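One structure is given below, encoded as structure tokens.
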Amino acid sequence: MGRPYYRERRHATNAMITKMGRALRTEAVQTKGALHVKVIADDPDDDKFLACATEGGADYVVSGDHHLLNLNSYQGICIVTPAAFLHVLKGA
């Protein structure tokens, strides 16, 4: 979130980034990293995100990566863009 792209595109302030960081630390689920999957042949490095989401019982993977987004879902986990996830949060 501190990347220049995010700051510029979303007009993120230091206060917003700090608030989001606190929320993530409060709500995050740590996983052991024991699960390994082989799903994305074009970019196997992205498999770690699917493994983590599966192991952690996630409902969503939020990403801008087209390899992940092209899946739409994995093992019942929705894969969405950040913009789409904001709509989910607004509806909650």
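Each reported figure results from applying straightforward, stated rules to the coordinates on display, with no laboratory input. Remember, predicted model here, so these are calculated numbers, not experimental data. Here the Cβ is made from the backbone with ideal geometry for all residues, glycine too, and neighbour counts use every protein chain on show.
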Legend entry - Cα-based helix-to-principal-axis angle, 82-91 vs the chain, degrees rounded to 10: 80 degrees
Inset, instruction - Find the relative contact order for the chain and round it to a whole percent, using C-alpha pairs within less than 8 Å whose residues are 6+ positions apart. - result: 17 percent
Inset, instruction - In nm, give the distance between the simple-model label positions of Asn14 and Asp65, each being 7 Å from the Cα along the Cα-to-Cβ direction. - result: 3.1 nm
Inset, instruction - At a Cα cut-off below 12 Å, give the aspartates and glutamates reachable from Lys48, other chains included and same-chain residues fewer than 8 away excluded. - result: none
Legend entry - Inter-centroid distance (Cα atoms) of the range 1-42 relative to the range 47-78, Å: 14 Å
Inset, instruction - May I ask you to evaluate 6.51 cos²θ - 1.76 cosθ + 1.60, the Karplus curve with θ = phi - 60°, for each residue of the range 17-32 and list the ³J(HN,Hα) values in order in whole Hz, giving x for glycine and proline? - result: 5, 4, 4, 5, x, 4, 4, 5, 5, 6, 9, 5, 10, 7, 10, 6
Inset, instruction - Would you kindly state how much longer the chain becomes between Asp42 and Leu86 on full extension, computed as 0.36 nm times their sequence separation minus their alpha carbon distance, in nm to one decimal? - result: 13.1 nm
Inset, instruction - For the range 35-50, just list the computed ³J(HN,Hα) in residue order, Karplus coefficients 6.51, -1.76 and 1.60, θ = phi - 60°, integers in Hz, with x standing in for Gly and Pro. - result: 7, 10, 10, 10, 10, 9, 5, 6, 8, x, 5, 6, 4, 4, 6, 5
